[in-house]
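**Student:** Below you'll find the structure I mean.
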Amino acid sequence: MSLQGVLADFPLADVFQLIAQQRKTGVLEVERRGRILLVNFLEGQVLSARPSETRPDGSLAGYLLRTGALAEPALAEARKRQEETLEPLVQTLLQRGLVSRADLEQVTRLATDETIFELFLWDEGRFAFRAENVVAGPCDKAVGAEMVLLDALRMRDEWVTIQGWLPDLSVVVAPSLDAEGFRAKRASIESSSGVSGADLERLLAAVPVDRYSYSRSPDGYRLWRIRP
């Protein structure tokens, strides 16, 4: 199947549905303003999604560091080993016990979800699907394209609402306090973040305190949720 075009004429939702319906295996490449995102399909299911990168597994390494699943020294050790064996990063990390399989599976899923989310925020760009052999990595899990599509569209719609109250993206988030420190600042955070006491209680009940952080800005404290 040869499939290519521009998003203005052929929305991503239609592209995903067509690939799913025909149970195609291959890579969907979408380019916008010089940035390229890749989605790997296996028999019509989404296997993984990543930004195009010059260094293999570069974006995955970034996610592992960002989430705290991997430390810089461990990554350096893995990269050194890769130079000797030419093995993929995930395989090297598992073999050397640097990251647990459970953590790798979660971070791999997070990387795919965030790439898909970014992709569905694009309303312009070019796409091309090329049929080719796609091999699942040790932590890749194929998910139905239609399910991925529904989640992506839902997140895109929610993002429109979130943008209305999201703090300035230029604000640098400070590290989270421990539970006692957070509670000590809670009154100030509650009054200046715009989150009501009842809503704050529900948030804290749903997610552990250490998943929240706040930053100090000229107009007071701003509450942030830290994604797992």
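**Student:** Go over the candidates ARG66, ARG55 one by one and state the one that is part of a loop (DSSP other than H, G, I, E, B) and among the basic types (Lys, Arg).
**Tutor:** ARG55
**Student:** What number of residues within the stretch 31-44 satisfy the criterion of being out of contact with any helix residue (DSSP H, G or I) (no Cβ under 6 Å at 6 or more places or on another chain) and either outside any loop (DSSP other than H, G, I, E, B) or without any contact (Cβ under 8 Å) to a residue 40 or more places away in the chain (or both)?
**Tutor:** 9
**Student:** Right, next: Which members of the stretch 94-115 meet the condition of being more than 26 Å from VAL148 (Cα to Cα) and touching a residue at least 24 places away in the same chain (Cβ under 8 Å)?
**Tutor:** LEU94, LEU98, VAL99
**Student:** Which residue out of PRO51, PRO11 is touching a strand residue (DSSP E or B) at 6+ places or on another chain (Cβ under 9 Å) and either closer than 22 Å to GLN91 by Cα or not charged (D, E, K, R) (or both)?
**Tutor:** When all the criteria are applied, what remains is PRO51.
**Student:** Here is a further query. Please give the number of the condition PHE41 fails out of (1) within 14 Å of the chain's Cα centre (by Cα); (2) crowded, with 20+ Cβ neighbours inside 10 Å.
**Tutor:** Of everything listed in (1) within 14 Å of the chain's Cα centre (by Cα); (2) crowded, with 20+ Cβ neighbours inside 10 Å, PHE41 misses just condition (1).
**Student:** Under 8 Å between Cβ atoms, which residue pairs at least 6 apart in sequence (or on different chains) link something in the stretch 54-66 that is farther than 13 Å from THR108 by Cβ with a partner that is outside any loop (DSSP other than H, G, I, E, B)?
**Tutor:** Close Cβ pairs satisfying both conditions: PRO56/LEU89; LEU65/GLU72; LEU65/LEU75.
**Student:** LEU3 fails exactly one of the following numbered conditions: (1) at pLDDT below 90; (2) under 21 Å from the mean Cα position of the chain (by Cα). What is the number of that condition?
**Tutor:** Every condition holds for LEU3 apart from (2).
**Student:** Of all residues in the stretch 79-133 being in a loop (DSSP other than H, G, I, E, B) and in contact with a Pro (Cβ under 9 Å, 6 or more places away or on another chain), which is surrounded by the most Cβ atoms within 10 Å (Cβ to Cβ)?
**Tutor:** PRO88
The values are calculated or read from the model by the stated rules, or taken from the named source; none is laboratory data. In this text, all values refer to a predicted model and were calculated from it rather than measured experimentally. Because the Cβ atoms are built from the backbone with ideal geometry, glycine has one as well, and the counts that use them run over all protein chains shown.
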